[in-house]
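Below is one structure; the comments refer to it alone.
The values are calculated or read from the model by the stated rules, or taken from the named source; none is laboratory data. Here the structure is a predicted model, which is why all the values come from computation and not from measurement. Cβ atoms come from the backbone with ideal geometry, glycine included; neighbour counts cover every protein chain shown. The area values use the complete protein model at the heavy-atom level, side chains included, leaving out ligands, DNA and RNA. Shrake-Rupley method; radii C 1.70, N 1.55, O 1.52, S 1.80 Å.
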Amino acid sequence: MAGAGGEGEAPALRAVRRCLAAFPAEARELGLAESVPYLNSLLSPLEFYREWVCPNKPCIIRNAFGHWSALKKWTLTYLRKVAGSKMVSVAVTPNGYADAVYQDRFVMPEERQMLFSNFLDIVEKKVISPSVFYVQKQCSNLTEEFPELLGDVEPEVPWMSEALGKKPDAVNFWLGESAAVTSLHKDHYENLYCVISGEKHFLLHPPSDRPFIPYELYLSAKYCISEDGSFQVVDEKAADKVPWIPLDPLNPDLEQYPEYAQARPLQCTVKAGEMLYLPSLWFHHVQQSHGCIAVNYWYDMEYDLKYSYYQLLDSLTKAVTLV
């Protein structure tokens, strides 16, 4: 983002800069907590919608899915027995970062089809590989690739479906190595993230932090394995450029992105048996313990006034950045 601007800067632009600088602080004063709060029991659908979805605030819910048999059954041994003979999609990278900025490209992982049992061999360290493996394909991979496991969870979260008046767009299954990291990004979904075993570590930014979070346009590319087993970054020739966040929030380059120093991230750990409600448009960066197993439900967001406010904030931020 450009600096504060000199005396020759138009008054209207200076006013926009002041508003963008003040907006995140004002948003926090209006109800954003300094940490992610816990709920020890479920609310009614109406209460949850009123207290958390409408104000767009995250929370961690305990005792939200204690009735799922997955909490007891989903060991790696059980998963191998039930689904080990299946071919599944696995994201493979040299560094653990899939869908992230690398060498001035937005680089997607190699999507490798492999026996699930072979993937579990890597997670259990029976086979050592220099690459990083992560079952993270979205597009409802739990229902599409692992239907055998559906009976151990639920196809939807009933109280959330009632609160929102819709079914989830996708139900996703996540399992991978501790080196697998999800780069900072946002989604247009109301996200219920359920940890079955292990831990997930989230770094979160509210949408109001958008003025401090840099975006740049990148050529799209993919990791590809060469004959000698090394990775190459291969450009997607016909693809449009991708807007993505180049900053690592765990080690931000404040010389290049000084505005990020004004952001106030929240950090939380979601443990086995806990559910994170991650509201739409919240930025998030995710790490995990080795072999962590999770399921999440994506409900499409309402494109209402909150979305319009975010689009306005995004547009003003881009306009100031270009000056």
**Request:** Name the residues whose placed amide hydrogens come within less than 5 Å of the amide hydrogen of Phe133, ignoring near sequence neighbours (fewer than 5 apart) on the same chain.
**Result:** Glu177
**Prompt:** Among the lysines, which have Cα under 25 Å from the Cα of Lys86 when same-chain residues fewer than 8 positions away are ignored?
**Reply:** Lys72, Lys73, Lys125, Lys126, Lys137, Lys222
**Request:** Please identify which residues in the range 190-233 have an amide N closer than 19 Å to a label point set 7 Å out from the Cα of Asp314, following the Cα→Cβ vector.
**Result:** 190-191, 204-220
**Positive-end residue of Ser117, Leu217, Leu278, charge dipole of the chain with Cβ unit charges** = Ser117
**the chain: calculated mean residue ellipticity at 222 nm from DSSP helix runs of at least 4, using -39500 (n - 2.57)** = -6500 deg cm²/dmol
**Request:** Report the full-extension gain for the segment Asp240 to Ile225: residue separation times 0.36 nm, less the Cα-Cα distance, to one decimal in nm.
**Result:** 3.1 nm
**Message:** If I take R0 = 22 Å and measure r between the Cβ atoms of Tyr307 and Asn63 in this structure, what FRET efficiency does the formula 1/(1 + (r/R0)^6) give, to the nearest 0.05?
**Reply:** 0.10
**Request:** Identify which of Pro265, Pro130, Pro211 has the largest mean-square fluctuation in a Gaussian network model of the chain, with springs joining Cα atoms closer than 10 Å.
**Result:** Pro130
**Asked** When ligands, DNA and RNA are left out and all protein chains stay put, how many square angstrom of accessible area per residue does the chain have with a 1.4 Å probe?
**Response** 47
**Request:** Starting with the highest mean, order 196-207, 63-74, 177-188, 36-47 by the number of other Cβ atoms within 10 Å, averaged over the residues of each peptide.
**Result:** 196-207, 177-188, 63-74, 36-47
**Item:** Cut-off 12 Å (backbone N to label point 7 Å along Cα→Cβ of Leu250), residues of the range 166-204
**Value:** 178-184, 201-203
**Label assignment, percent of Cα pairs over 35 Å apart derived from the structure, set (1) 25; (2) 36; (3) 17** = (1)
**Prompt:** Mind checking the dipole of the range 97-230: about its Cα centre, +1 per Lys or Arg Cβ, -1 per Asp or Glu Cβ, Debye to the nearest 20?
**Reply:** 260
**Message:** Starting from the 7 Å offset along Cα-to-Cβ, what nm value, one decimal, do you get for the label separation of Gln103 and Glu34?
**Reply:** 4.5
**Request:** Extending each Cα 7 Å along its Cβ direction at His188 and Lys126, get the distance between those two points in nm, one decimal.
**Result:** 4.3
**Complete:** Net charge near Tyr38 (other residues with Cβ under 12 Å of its Cβ; Lys, Arg +1; Asp, Glu -1) is +1
**Complete:** Taking protein heavy atoms only, a 1.4 Å probe, and rounding to whole percent, the accessible area of the chain owed to carbon and sulfur comes out at 54
**Asked** Quick one: if the Förster radius is 41 Å, what FRET efficiency do Arg112 and Ala261 give, using the C-beta to C-beta distance and rounding to 0.05?
**Response** 0.55
